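**Q** Input: one structure, supplied below.
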Amino acid sequence: MYVPGDSPVHALDPRLKLLGFMGMIITIFAVRSAHGYFVMYAFLFVLIILSKVSPRFLLRSVKSIWFLILLAGVFQLFSGYGRVLFEFGPFVVHAESVFLAVEVVSRLIFVVLCASLMTVTTSPIELSDAVESLMGKLPGMKRFAHELAMVMSISIRFVPVMAEEAENILKAQTSRGAPIDDRKFTGKLKGILSVAIPLIVLSLRRAEEIALAMEARGYRGWEGRTRFRELRWKAKDTVFAMMVSSIIILCLFI
Amino acid sequence: MKAKEITRIALFSAITAILAQLRVDIGPVPITFQVMAVMLAGLLLTPREALLSQLVYVIMGLIGLPVYAGFRSGASILFGPTGGYLMAFPVAAFLIAILQKRSQYSTLLSFLSTLLGLIPIYLSGWLLLSRYVGGLERAFQLGVLPFFWIDMIKALLAVFVSKAIERYKPALLYEIRKN
């Protein structure tokens, strides 16, 4: 969920944010020492403070996958490496496992915080522009990148539309007596089919209609299109890029 | 790409986002229809369209649109314990589409190719999960075994849907399958 704002983090080039945060996320999986974790977390906290986003808001994203985090932590705890720390009935906790559990949980929390800081400070449009621009940098991919961005913006636009259609179909089929809430297993399957088939038919049909509308308005593909928003690389982006890469290198070697 | 291809890809990634939110409780496990959308993309679109529709779906979630199951999004899901399944969606859809095409759209072979398409999903889901729960064996018990039967039913449903469309609305598929 994007929160508009005018912080230094918001103002960074979206391409840089995409690469930088991805780099940080990959790095946290390669970090081997406690110092490394400390430096990565410290850097992330500095970014959070700079972004002026309330930490509580970011923590909500951690809350949304707390169960996964807990699960991963608990499984590591009983993974049984190293010497026995204590036993409690059938549960045996080993010393090494405690360390592994802490590691996994702190990795996961870091990944969640990093990812949500990126999405909170960058709008979906900026991000899809960034994806297009980065992909277009690869040799021979410019056209493909443009088409992918086109697909993405149509898809973003039509998710709510199709969701509404799905709901209409569900209601229509229920009123015709489709066994949507059937207790029996086969009834449920029939209910699913009675929604799935019309939904797919509808979306295939919609796709043709949208394509016709695009062509009627003169869409002739990639050639000759100009951009409304253009991404510009600024001096502060260079500074930030150097900061991130030096932190990543530092963490990999300590 | 032609405009029609672009819109078909776009709508199938939108459909994946919607089916991922649709939940039905069969037995104790709540199931979503995310995987069914992957299968349907494979069964109905051309290999390239199938691949791209799922790629766009994964990218949309990655850049923060709440399209993953449970309205979640972001790299934390994609690289989290259960993200491995998502990562393989494009490959799976592509594989299903190609096998389907090779099999001349026969019903039994379509079903088999849908099941084969599950393999990359399970494989990458399993491997990534094992990084988090400690050990391949445990990840297999948690992340592969319990879902196999349900996914088989989803494959059946997906094949049923695609055959129904083939039979009753052949005009919609004409352009996709003419070559």
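**Q** Please enumerate the residues belonging to the range A:201-254 that are of a type in the set (D, E, K, R), loosely packed, with under 13 Cβ neighbours inside 10 Å and within 25 Å of the chain's Cα centre (by Cα).
**A** Passing the criteria: A:Arg229, A:Glu230, A:Arg232.
**Q** Being more than 18 Å from the chain's Cα centre (by Cα), surrounded by fewer than 20 Cβ atoms within 10 Å (Cβ to Cβ) and in contact (Cβ under 8 Å) with a residue 24 or more places away in the chain, is that true of even one residue in the range A:108-128?
**A** Taking every residue of the range A:108-128 in turn, none turns out to be more than 18 Å from the chain's Cα centre (by Cα), surrounded by fewer than 20 Cβ atoms within 10 Å (Cβ to Cβ) and in contact (Cβ under 8 Å) with a residue 24 or more places away in the chain.
**Q** If a residue must be surrounded by 15 or more Cβ atoms within 10 Å (Cβ to Cβ), under 21 Å from B:Gln34 (Cβ atoms) and not acidic (Asp, Glu), how many such residues does the range A:149-172 contain?
**A** Total meeting the criteria: 12.
**Q** Mind listing whichever residues of the range B:1-18 are surrounded by fewer than 24 Cβ atoms within 10 Å (Cβ to Cβ), more than 7 Å from chain A (Cβ to nearest Cβ) and assigned to a helix (DSSP H, G or I)?
**A** Correct list: B:Glu5 only.
**Q** Just for the range A:176-212: of the residues that are assigned to a loop (DSSP other than H, G, I, E, B) and basic (Lys, Arg), which one is nearest to A:Glu165 (Cα to Cα)? Can you show your working first?
**A** Of all residues in the range A:176-212, those assigned to a loop (DSSP other than H, G, I, E, B) come to A:176-184.
Still in the list and also basic (Lys, Arg): A:176, A:183-184.
Working: A:Arg176: 16, A:Arg183: 25, A:Lys184: 26 Å.
Applying the filter and picking the extreme gives A:Arg176.
**Q** Here's something else I'd like to know. Within the range A:241-254, how many residues turn out to be hydrophobic (A, V, I, L, M, F, W, C) and closer than 11 Å to A:Phe43 by Cβ?
**A** Residues flagged as hydrophobic (A, V, I, L, M, F, W, C) and closer than 11 Å to A:Phe43 by Cβ within the range A:241-254 amount to 6.
**Q** Can you pull out the residues in the range B:66-75 that are within 15 Å of A:Leu127 (Cβ to Cβ) and either surrounded by fewer than 24 Cβ atoms within 10 Å (Cβ to Cβ) or hydroxyl-bearing (Ser, Thr, Tyr) (or both)?
**A** B:Pro66, B:Ser73
**Q** Within the range A:174-199, track down each residue that is surrounded by fewer than 18 Cβ atoms within 10 Å (Cβ to Cβ) and of a type in the set (Gly, Ala, Ser).
**A** Of everything in the range A:174-199, those that are surrounded by fewer than 18 Cβ atoms within 10 Å (Cβ to Cβ) and of a type in the set (Gly, Ala, Ser) turn out to be A:Ser175, A:Gly177, A:Gly187.
**Q** Also: Determine if the range B:139-155 includes at least one residue that is within 27 Å of A:Ile65 (Cα to Cα), β-branched (Val, Ile, Thr), more than 14 Å from every other protein chain (Cβ to nearest Cβ) and in a loop (DSSP other than H, G, I, E, B).
**A** Looking for residues that are within 27 Å of A:Ile65 (Cα to Cα), β-branched (Val, Ile, Thr), more than 14 Å from every other protein chain (Cβ to nearest Cβ) and in a loop (DSSP other than H, G, I, E, B), one finds at least one in the range B:139-155, hence yes.
Yes/no matrix, rows are residues, columns are (1) at pLDDT below 90; (2) more than 10 Å from chain B (Cβ to nearest Cβ); (3) closer than 30 Å to B:Met1 by Cα:
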position: A:Gln173; (1), (2), (3): no, yes, no
position: A:Arg183; (1), (2), (3): yes, yes, no
position: A:Thr186; (1), (2), (3): yes, yes, no
position: A:Ile192; (1), (2), (3): yes, no, no
position: A:Tyr219; (1), (2), (3): yes, no, yes
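**Q** Can you go through B:Tyr105, B:Tyr68 and tell me which one is modelled with pLDDT of 80 or more and under 22 Å from B:Ile153 (Cα atoms)?
**A** One residue alone meets the criteria, B:Tyr68.
**Q** Could you list, in sequence order, all residues of the range A:13-59 that are more than 14 Å from every other protein chain (Cβ to nearest Cβ), within 13 Å of A:Val244 (Cα to Cα) and surrounded by 15 or more Cβ atoms within 10 Å (Cβ to Cβ)?
**A** Once the filter is applied, which keeps residues that are more than 14 Å from every other protein chain (Cβ to nearest Cβ), within 13 Å of A:Val244 (Cα to Cα) and surrounded by 15 or more Cβ atoms within 10 Å (Cβ to Cβ), the range A:13-59 yields A:Leu16, A:Val39, A:Met40, A:Tyr41, A:Phe43, A:Leu47.
**Q** Among the residues of the range A:88-140, how many are more than 26 Å from A:Val46 (Cβ to Cβ) and acidic (Asp, Glu)? If you could, list the steps in order and put the result at the bottom.
**A** Within the range A:88-140, the subset more than 26 Å from A:Val46 (Cβ to Cβ) is A:88-101, A:125, A:128-129, A:131-133, A:135-140.
Now narrow it down to the ones that are acidic (Asp, Glu): A:96, A:129, A:132.
Residues that pass the stated criteria total 3.
**Q** From the list B:Phe160, B:Phe111, which residue is closer than 16 Å to B:Leu45 by Cα and without any contact (Cβ under 8 Å) to a residue 24 or more places away in the chain?
**A** The conditions single out B:Phe160.
**Q** Which condition from (1) away from chain B (no Cβ under 14 Å); (2) of a type in the set (Gly, Ala, Ser); (3) in a helix (DSSP H, G or I) is the one that A:Gly5 breaks?
**A** Failing condition for A:Gly5: (3).
**Q** Considering only the range B:54-75, I want to know if a residue exists there that is under 14 Å from the mean Cα position of the chain (by Cα), part of a strand (DSSP E or B) and touching a residue at least 60 places away in the same chain (Cβ under 8 Å).
**A** For the range B:54-75, residues under 14 Å from the mean Cα position of the chain (by Cα), part of a strand (DSSP E or B) and touching a residue at least 60 places away in the same chain (Cβ under 8 Å): absent.
The values are calculated or read from the model by the stated rules, or taken from the named source; none is laboratory data. Bear in mind that the values here come from a model prediction, so they are computed numbers and not experimental data. A quick note on method: Cβ atoms are made from the backbone with ideal geometry, for glycine too, and the neighbour counts reach across all protein chains shown.
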